[in-house]
Amino acid sequence: MAFGISTSCLYPMITEDSLELLAKAGVKTCEVFMNSIGETSPEFAKQLNNIKNEYGIRIASLHPFSSFSETHMLFSEYKRRFYDGLEFYKKCSEVASLLGAGVLVIHGSRLPGKICRDEYFERFQLLIDEGKKYGITVCQENVHAHFSENPDFLKEMRKALGSDFKMVFDVKQAVRSGYAPLEFAEEFKNEITHVHISDHKQGFDCLPPSEGVFDFKKLFCIMDSVNYSGDYVIELYRHNYDKPEELIKALEYVQNL
């Protein structure tokens, strides 16, 4: 278990520069957010691995840029498109494996969606099965305005997929969806494999840790109760802070907790 920062926090800085900036600042655990098709290639993975090896960092997870299109690529009524999308996510799993990242993050379908839940779960199982071939855990993230924002949907998914159901839990997405983050974590603590952390307060749903009112210690206690061995990665949007130094300050804050 470690604390880290996602390269997405620095978007639209290009991915390799984001990773190197964080590495030079002393960050030892990162999530990599791939921002183009060209970045989902073995050649680009080699470039990132050069940075990773030079600075001694670990890449915990891979977040494909294609999350915005998963509704249509993976979960539309046009099933042939799903199989095309599946081929793309195989590539993402391969790149994740080359980077040593254990987790691939999936947003899934936006609401209201076009396919039934059983079909959604069947397709997600195929994504999981392909990820396993590369040693990758394909995870459903809870995301606002998506099926996965609702704990009841995720409970159904857990029942359908059994032990294959794994989650990326995102604090800000729970807040945006109107659910108490700590209750969310308590319900899915056994299935959470990776955590995106951020802070919040009245009128601000995504802030650097230490700038809001979220009880991080309580979250850590919940996850410690099931011997959580995944990572806590700070994931913010670029407009949520002013200078990259604030990311490092936020990282130090949660590490010291």
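Subtracting the Cα-Cα distance of Ala145 and Lys90 from 0.36 nm times their residue separation leaves 17.2 nm of extension gain. Take the Cα coordinates of the chain, assign each an equal point scatterer, and use the Debye formula without solvent to give log10 I(q)/I(0) at q = 0.09, 0.14 Å⁻¹. After summing over all Cα pairs, the log10 values are -0.36, -0.93. With 25 Å as the limit on Cα-Cα distance, the pairs of Lys159/Lys217; Lys24/Lys46; Lys217/Lys249; Lys114/Lys155; Lys24/Lys91; Lys24/Lys189 that go past it are Lys159/Lys217; Lys24/Lys91; Lys24/Lys189.
The label-point distance for Leu21 and Asp118, in a model that sets each label 7 Å from Cα toward Cβ, rounds to 4.9 nm. Taking the DSSP beta bridges with both ends in the range 93-245, the antiparallel portion is around 20 percent. Extension gain, Arg80-His239: 0.36 nm per intervening residue step, less the Cα-Cα distance, totals 53.4 nm. For the range 92-110, the residues whose backbone nitrogen is under 19 Å from a point 7 Å from the Cα of Ala160, taken along Cα to Cβ, are 105-110. Comparing Gln125, Gln173, Gln47 in a Gaussian network model of the chain where C-alpha atoms under 10 Å apart are linked, the largest mean-square fluctuation is found at Gln47. The simple Förster model, with R0 at 25 Å and r as the Cβ-Cβ distance, assigns His72 and Met13 a FRET efficiency of 0.35. Summary of packing: across the peptides 78-91, 156-169, the per-residue average of other C-beta atoms within 10 Å ranks them, highest first, as 156-169, 78-91.
Only the coordinates and a few stated rules stand behind these numbers; no lab work does. A quick note: this is a predicted structure, and the numbers were derived from the prediction, not measured. As a convention, Cβ positions derive from the backbone with ideal geometry for all residues, glycine included, and neighbour counts pool all protein chains shown.
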